[in-house]
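The values are calculated or read from the model by the stated rules, or taken from the named source; none is laboratory data. Predicted model, so just to flag it, every value in this text is computed and none were measured. Here the Cβ positions follow ideal geometry from the backbone for every residue, glycine too, while neighbour counts run over all protein chains shown. Keep in mind that these areas ignore ligands, DNA and RNA; they rest on the heavy atoms of the full protein, side chains included. Shrake-Rupley method; radii C 1.70, N 1.55, O 1.52, S 1.80 Å.
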Amino acid sequence: MHEREHSVDSIRQSSQIFGQFEKLLVANRGEIAIRVFRTAHELSMKTVAIFSFEDRLSMHRYKADEAYQVGSSNVYTPVGAYLAQDEIIRIAKLRGVTMIHPGYGFLAENAEFARKVEAAGITFIGPTPDIIEKMGDKTKARELAIQCGVPVVPGTPGPVSTLEEAKAFIDEHGYPIIVKAAMGGGGRGMRVIRDEKSLPDSFERAKSEALSAFGDGTVFLERFLDKPRHIEVQLLADGAGNVIHLFERDCSVQRRHQKVVEVAPAVNLNASVRDAILDDAVKLAKAANYRNAGTAEFLVDSEDRHYFIEINPRIQVEHTITEEITGIDIVAAQIHIAGGSLLSDLNLTQEKINTQGFAIQCRITTEDPAQNFQPDTGKIEVYRSAGGNGVRLDGGAGYVGAIITPHYDSLLVKCTCWGDTYEVARRKILRALIEFRVRGVKTNIPFLQRLITHDAFMKGDIVVNGSSIKGQIGEPVFKGEILYPEIRSLAGPESVDVCVPPEHGWRHILVEKGPEAFAKAVREYNGVLIMDTTWRDAHQSLLATRVRTIDLLNIAPHTAHALANAYSLEMWGGATFDVAMRFLYEDPWDRLSKLRALVPNIPFQMLLRGANAVGYTSYPDNVIYDFCQKAKDHGMDIFRIFDSLNYIENMKLGIDAVKKAGGVVEAAICYTGDISNPNKKKFDLEYYLNLTEQLVNLGIHVLGIKDMAGLLKPEAAKLLIGSIRKKWPDLPIHVHTHDTGGTGVASMLASALAGADVIDLAIDSMSGTTSQPSMGAVVSALEHTDLGTGIRLEDVHALNGYWEQARKLYSCFEAGVLSADSSVYEHEMPGGQYTNLMFQASQLGLGKQWNEIKKAYTEANKLCGDIVKVTPSSKVVGDLAQFMVTNKLKYQDVISRAKTLNFPTSVVEFFQGYLGQPYGGLPEPLRSDIIRDLPRIDRRPGSTMKPLNLSELKAELVSKYGRSIRDVDVVSASIYPKVFAEYREILEKYGDVSVIPTRYFLGKPEIGEEFSIQLEEGVTLIIKYLAVGPLNASTGKREVFFELNGEARAIAVTDTSAAVIHEHREKANPGNPGEIGAPMSGVVIEVRAQEGAEVKDGDPICVLSAMKMETIVTSAVSGKIEYVAIKESDSLNAGDLIVRIVKI
């Protein structure tokens, strides 16, 4: 009996306050449920918890007097259980519940739930259903504020077309303002104007940019809120229309629109501003006939002007700091008001409410700042919380053994600290955070500690790394904003609306009438057409193929108009396809689709390497057919089909695949030698005419002459094109060259005069040297002749203005080729390879031996049998040349030592026959000496390959990467399996980086600099770089601080310049044949040797890779491996010891 007298029930009965309101259910979970239970218990009420199956071990169910699971384990999802309105109300009625508190989140702002609760005869602790509905509509809330005279963010009601209209808005609302494009996105047509001096120019620039970018120059104005503060007011209102405020909170520190740190009252808020905000909050609540607790939210700009945002009709997470400074239990007030009490009954009148001191709340979450704040899950193994004077903890899952699941919000505990001054509160919250020890799951405590001490970190004035991709040297020299050109109308002086596709364009003929009619129309054209190579071969030749999609998209609408009469735009090839994924982390298929959408009128052209598609080796035939069909379906029109050895058998496959796909078959003959020089007899005129006849007999639509090294001199062009035109008068001829030797313009003019229908040119600032001849020069030269191109010189100049700026963005990839090089007529190096090989030589430590490499290239070509050189055959010659220079080998050395040298893989495979059969055959006995016992391929390499099971490959990719895998991804993976896998890893880690402006993709922002990234249409990130923290010696990382859409963020970035360890490797003894050394610099990608294993002369030891050149290192002796000096991913220099072999 004695125990019963002092039981919980008896104690509550003796101190009961509410009478009939004796049992309260919280329709929520976690810390807010526990928070409400505690106050209910203080009011002598019984409490009821609900929980999902997944929450059956959660703390909140044990803090209530009764707890009931919502549905069985298979009925509701983890979240769905807390949204099951009818089941929750059923439980409440069954258990005699008289009041329901919704907490925050879940059903807290659901008017339908509130109505159902009241219809069930249960009291809902919160606003009326009508108020919840009204406050949930942001438009209605804004209208209410305007009716009450409460300021909202001002903006013009409609478009602004004149400067006078803009000034009228400014006269009323003041600076700063923001001008926005009505059709905007991506930061274009957007200008922040801070003073009258910059108004005229910025206003006109915004309109012009909007017109250029979106085809609509309409703009509107808004008051620009410069670094606004987020201030919210806690309100209480009873059923009789009485409203009071409990002062304000500052919730400006947010992440992903979630508040992280809150302060009450707001620090350094002007008293008059505070009073105005508090008055407006009360005014709004009274006008809305508000009831119970709620929060009015405002923004305050740098000029101390405040603007209403919304009213949240519920209790807020951060209500605790208001309770600490006012001493008022807000949850208790909610319960009393719901039970019918007036504010006066609770002794809550405005004149009696004051604040004392300051309170700060930090939300401690199970999120890992080092992993982009990814929520962590697992079991809490250690949990030591803070405590002491002025420290309040509101938690739900903070205890040893708690299981943190992925189903719910990551909030672990709210830590609230009070102090009589802001600084005391700040130091107290810092002390509390330091006291926490949580192990088993990651938390954001380190991030919160840095935020609390943020000023110290703001002193940093360095940056970690900056951005860098493979081959980048330094940063772009261009740091400004690229200006877009205006394209003048054909009819008059006004500018063209570039967002409206032009009606004229050769692609219309192709789409409407097909490839044959298209080819016939090209041949009948009175003049010479051009193909612009700027989007592919030009930047491949000059800038290591590093131009990004975003910079092509920016100029695409202008190009569609300026070059409307162009035969085609070249925008795809092997290198562009490969580099897009390998180095730029972009999807080449996305590039094709996006550009096609912006340029519907000009045909797109690509290079197709016959049986190699866009790869460097042979593939099963079905892969080639599938690739061509997918490329055609995604917007490719003209396929320039070639083979790197002019091997017709390889070309036949590509020709048939393109025909079946419905594309234009432009079969290209690769030009080498010099038909105007009678001393060069191997590749003479008869050779080219025979090739042309074979291709014509295959039913091609267009003949291409592909002069990839710039060897086609004007006289040779006249002879070759003239002879083909004479023999095949109806055959369209398309000529391509490079300007390496400086004769490109002359050769193109000679080709046009001899009967060529199409010639290849590049925009002036992207032309010359190893690129194509100047478009402006040729267009101007032919402008007033019968061979006019149909392209206006002024339009070429307009595009050139853009590319002059854009090229400076890629200055970090310039190869330093400053002038023509007539030595090309000796070494015959293709233009694209010239710059790439120069760069590769530099990366391999051979930069100072560039002239030696050019000489070695000539000798390597002779060793291969004097072959046609274009990727991938040119790569074979280049790899062999670098190999010779690295190992100090001359022509005769290779001949005499071929049986024992470890040749690059590409060289070995070439001599096996994996590229096909070169004209004149593979030289013997060198072939036999190099390939030794490896198989010989004497027919089309891919002819014996089994079809690739594309469905099976797709299933594997979906299993690995999810259902986002598309059919085109399967094609990419079938051609470049390793590159595609590495690209997907980057995509998974960083997301789609193609949207980052090149200025910030290749270079670092300055401290305090702000820039925008358009993720998609209408979705823009605004990023501001703030500071960087000190080096963490244990991890090699630094914390980088920035704002994302105004929210403070921090990430850990590895400092690549920190703690660099220089490893000294043992060198192989050249006098000991058992010590195998690296034949050249490279990275170990595979180790095949094991200590103790027996090897024979010629057995593979390891595989090295350097700049896409792989070399299989083989044993030079037979014996037993005594020591392996390498492992995978090791970086080796030439001569570094790989293994030591002893004779048995």
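Residues in region 360-385 that are among the hydrophobic types (A, V, I, L, M, F, W, C) and touching a Pro at 6+ places or on another chain (Cβ under 9 Å): Ala370 alone. Taking the criterion of being part of a loop (DSSP other than H, G, I, E, B) and open to solvent by 10 Å² or more (accessible area, probe 1.4 Å), the residues of region 302-317 that qualify are Ser302, Glu303, Asp304, Arg305, Arg314, Val317.
Taken together, the criteria place Leu926 among residues that are of a type in the set (A, V, I, L, M, F, W, C), open to solvent by less than 90 Å² (accessible area, probe 1.4 Å), more than 20 Å from Ala611 (Cβ to Cβ) and in contact (Cβ under 8 Å) with a residue 24 or more places away in the chain.
Regarding Lys713, is this residue in contact with a Phe, Trp or Tyr (Cβ under 7 Å, 6 or more places away or on another chain) and touching a residue at least 24 places away in the same chain (Cβ under 8 Å)? No. Could you give every pair whose Cβ atoms fall below 7 Å, whose first residue belongs to region 646-674 and is within 16 Å of Lys632 (Cα to Cα), and whose second residue is at pLDDT 95 or above and of a type in the set (S, T, N, Q), counting only separations of at least 6 or pairs across chains? Going by the 7 Å Cβ cut-off, the qualifying pairs are Ala661/Gln629. The single residue among Leu543, Leu563, Leu595 that is surrounded by fewer than 24 Cβ atoms within 10 Å (Cβ to Cβ), in contact with a strand residue (DSSP E or B) (Cβ under 9 Å, 6 or more places away or on another chain) and within 29 Å of Ala756 (Cβ to Cβ) turns out to be Leu595.
Here is the figure for region 318-339: residues that are assigned to a helix (DSSP H, G or I) and open to solvent by 40 Å² or more (accessible area, probe 1.4 Å) total 1.
In region 989-1009, the residues that are within 21 Å of Ala1052 (Cβ to Cβ) and part of a helix (DSSP H, G or I) form Cβ pairs under 7 Å with partners that are modelled with pLDDT of 85 or more and not aromatic (Phe, Trp, Tyr), at six or more places apart or across chains, as follows: Phe1001/Arg548; Phe1001/Val993. Residues in region 235-254 that are closer than 17 Å to Gly339 by Cβ and not in a strand (DSSP E or B): Asp238, Gly239, Ala240, Asn242. Selection of region 310-357 for residues being of a type outside the set (S, T, N, Q) and without any contact (Cβ under 8 Å) to a residue 40 or more places away in the chain yields Glu323, Gly327, His336, Asp345, Leu346, Glu351, Lys352. For region 682-707, the candidate set comprises residues that are among the aliphatic types (A, V, I, L, M) and in contact with an Asp or Glu (Cβ under 9 Å, 6 or more places away or on another chain); within that set, the residue that is surrounded by the fewest Cβ atoms within 10 Å (Cβ to Cβ) is Leu698. Considering region 885-935, the qualifying helices (runs of 4 or more DSSP H), each wholly inside and each with 1 or more residues that are aromatic (Phe, Trp, Tyr) and farther than 23 Å from Ser1118 by Cα, run over 891-897, 905-912. When the residues of region 371-382 are filtered to those that are crowded, with 17+ Cβ neighbours inside 10 Å and not in a strand (DSSP E or B), the one that is modelled with the lowest pLDDT is Phe373. Looking only at residues that are surrounded by 15 or more Cβ atoms within 10 Å (Cβ to Cβ) and hydrophobic (A, V, I, L, M, F, W, C) in region 467-508, which one is nearest to the chain's Cα centre (by Cα)? Filtering region 467-508 for residues that are surrounded by 15 or more Cβ atoms within 10 Å (Cβ to Cβ) and hydrophobic (A, V, I, L, M, F, W, C), the one nearest to the chain's Cα centre (by Cα) comes out as Ile469. Please determine, by comparing only the residues of region 766-818 that are touching a Lys or Arg at 6+ places or on another chain (Cβ under 8 Å) and of a type in the set (Phe, Trp, Tyr), which one is modelled with the lowest pLDDT. Selected residue: Phe813. Output the residue which, of all residues in region 633-663 that are within 25 Å of Pro918 (Cα to Cα) and among the basic types (Lys, Arg), is least open to solvent (accessible area, probe 1.4 Å). Step by step, filter region 633-663, then rank; the result is Arg640. Every condition in (1) under 20 Å from His701 (Cα atoms); (2) free of Cβ contacts under 8 Å to residues at least 40 places away in the same chain holds for Arg640 except the one numbered (2). Can you name the condition, by its number, that Ser1131 falls short on among (1) open to solvent by 50 Å² or more (accessible area, probe 1.4 Å); (2) under 12 Å from Ile1076 (Cα atoms); (3) small (Gly, Ala, Ser)? Condition (2) is where Ser1131 drops out. In summary, Ile360 fulfils each of the numbered conditions (1) in contact with a Lys or Arg (Cβ under 7 Å, 6 or more places away or on another chain); (2) in a strand (DSSP E or B); (3) over 23 Å from Glu435 (Cα atoms) with the single exception of condition (3). Among the residues of region 566-585, those that are within 25 Å of Tyr525 (Cβ to Cβ) and either surrounded by fewer than 22 Cβ atoms within 10 Å (Cβ to Cβ) or modelled with pLDDT of 95 or more (or both) comprise Ala566, Tyr567, Ser568, Leu569, Glu570. Taking the criterion of being part of a helix (DSSP H, G or I) and over 16 Å from Val267 (Cβ atoms), the residues of region 388-438 that qualify are Arg431, Ala432, Leu433, Ile434, Glu435. Looking at region 142-164, which of the residues that are at pLDDT 85 or above and within 13 Å of Thr218 (Cα to Cα) is most open to solvent (accessible area, probe 1.4 Å)? That would be Thr162. Restricting Val522, Val511 to residues that are over 30 Å from Arg431 (Cα atoms), open to solvent by 50 Å² or more (accessible area, probe 1.4 Å), modelled with pLDDT of 90 or more and of a type outside the set (Phe, Trp, Tyr) narrows the list to Val511.
Quick check on Glu1122: is it in a strand (DSSP E or B), in contact (Cβ under 8 Å) with a residue 60 or more places away in the chain and not β-branched (Val, Ile, Thr)? Answer is no for this residue. If you go through region 634-648 and keep only what is part of a loop (DSSP other than H, G, I, E, B) and hydrophobic (A, V, I, L, M, F, W, C), you end up with Met636, Phe642, Leu645.
For every residue, the table says whether it meets (1) in contact (Cβ under 8 Å) with a residue 12 or more places away in the chain; (2) in a loop (DSSP other than H, G, I, E, B); (3) of a type in the set (Gly, Ala, Ser).
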| position | (1), (2), (3) |
| --- | --- |
| Leu25 | yes, no, no |
| Phe37 | yes, no, no |
| Val48 | yes, no, no |
| Tyr68 | yes, no, no |
| Gly71 | yes, yes, yes |
| Val75 | no, yes, no |
| Tyr82 | yes, no, no |
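When Phe37, Phe53 are screened for being aromatic (Phe, Trp, Tyr), closer than 25 Å to Val400 by Cα and open to solvent by less than 20 Å² (accessible area, probe 1.4 Å), only Phe37 passes. Checked against the criterion of being over 19 Å from Asp1097 (Cβ atoms), open to solvent by less than 50 Å² (accessible area, probe 1.4 Å) and touching a strand residue (DSSP E or B) at 6+ places or on another chain (Cβ under 8 Å), the candidates Pro904, Pro941 yield just one match: Pro904.
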